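To start, the structure itself, in C-alpha cells.
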Amino acid sequence: MLTERMASWAKRRVVLGILVGLFAVSGVAAAGYFHQSYNQTAYHVYINNKEIGIIHNPDTVRQWLANKMDRERKKFPGQSLQLNKKVTFKKADGDRAAYNEEKTLQQLEREISIKSSAARLVVGKKVIVYGKDKQSIEQALKQLKVRHVKETVKVEAAVVSPAAVFPDGQLVNLLRKRVTALAAEEAISVMKGKSSRGDGQFEMPAAGQLSSYFGERWGRLHAGIDIAAAVDTPVYSADNGRVIFAGQKAGYGNCIIVDHGNGYETLYGHLNAFVASNGDIVEKGEEIAKTGNTGRSTGPHLHFEIRKDGEPVNPLSYIH
Ligand SMILES: [Zn+2]
C-alpha cells in the first residue's frame, strides 16, 4: 500500500536521523575529551605566593593587569606606578584541575591595586602632602621659600595610591595652605609672598649710636657707617633682598651681603653670628645677624655699607 510504504520510509528516516545525531554527540564528546586531556593546559595563579585560582592561559591575567595599569597611567601621568602585589603563574600538572577564569579575575580585582612610588612631606608626625617624587616636593618648598625648617621636617619616599599624589602644578598652592597652617605651630616658617626686590628705601640696620661716618678716614675711604652696639644686638636687612654672601671677608670679619635686586647691595660687617644664610630671601627689617667685634674692629659695632652698581655710597643719604 502506498501509505504503508510511505510510513516505513519515514521510519527509516527517523532511525537514520537518530544515528547521525548519536554520531554527532559522541563526536563532540570525543573531541572535548581529547582537548581537555592533551591540549588544555592550566596554570595556577598566585598573588604573593598565595594561590588564588586556575586559568587556562596566563596571558588572560597579564592582559588584565596591563589594561588596569594603562587606565591608571592615563589617569595619573608622570607617576611611577606599580602593582601592590606580585602575580605569578605555575603550570598545573597531574590531573588538570578545572580552571575558572572569571573567579580568578574577580579575586585579582579584589586584591590587586596600583600603587605609586611617590614621596611625602612629613612635619613631626603629620603627613602634609604627597608628591610624585622627592624632587617635586623639594621644588615646591623652594618656590614657597620655606625657611627655618626644623629637623622634624622630612621629605621621604612613600608608596601610596596614585589618587593621593598631587600633581606638581598643585603642590605649591597646597603647601602654601597646609604649611602656613603649620607655621602657626612653629614647625616651619614660610615667607609668604616675600619679595627679593628692594624698593630703594633703606632702614637703619641696627639700633645704636652712630660712631663713624662715610668718607675719608685715616687717609682712606671709610665705605660705610659704624653703629656702636653691644655684641649680639640684632642686625636687620635694610631693604628686601637676597643674601648673596654670608661668611668671612678680610677686614670685615663675619659679614653678610644682601643683593636688593635693583642695583643696590648692602653689607653688614664685624658680625658675631649669622641668622640668615646664603641664598635666603630677606625682608626689610628682618633679622639677619647679630652684631659683634670680628675682623678689623676696635670694639663691638656694625659696619654698614650701601653699594650702588658696585660703588659705595653714603648710607645716610639713603636711609629713611
Ligand atoms: Zn666701619
Look at ASN293 and say whether it is farther than 28 Å from ARG197 by Cβ, more than 15 Å from the ligand (Cβ to nearest atom) and either surrounded by fewer than 21 Cβ atoms within 10 Å (Cβ to Cβ) or among the small types (Gly, Ala, Ser) (or both). no
Let me confirm something: among TYR252, TYR268, TYR213, which residue is outside the structural domain of GLN143 (by TED's automatic domain parsing) and within 30 Å of GLN143 (Cα to Cα)? TYR268
The stretch 263-285 residues that are closer than 19 Å to ILE227 by Cα and among the aliphatic types (A, V, I, L, M), paired with ones that are away from the ligand (no atom under 16 Å from the Cβ) and assigned to a strand (DSSP E or B) (beta carbon under 6 Å, 6 or more apart): ALA273/LYS290; VAL275/GLU287; VAL275/ILE288
Checking ASN314, ASN272, ASN262 in turn, the sole residue that is of a type in the set (S, T, N, Q) and more than 16 Å from the ligand (Cβ to nearest atom) turns out to be ASN262
Does THR298 qualify as being surrounded by 21 or more Cβ atoms within 10 Å (Cβ to Cβ), of a type in the set (S, T, N, Q) and out of contact with any Asp or Glu (no Cβ under 6 Å at 6 or more places or on another chain)? no
Mind listing whichever residues of the stretch 201-239 are touching a residue at least 60 places away in the same chain (Cβ under 8 Å), surrounded by 15 or more Cβ atoms within 10 Å (Cβ to Cβ) and more than 14 Å from the ligand (Cβ to nearest atom)? PHE202, MET204, VAL231, THR233, ALA238
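The values are calculated or read from the model by the stated rules, or taken from the named source; none is laboratory data. Keep in mind that this is a model prediction, so the values were computed, not measured. Counting neighbours? That spans all protein chains shown, and the Cβs are built from the backbone with ideal geometry, glycine included.
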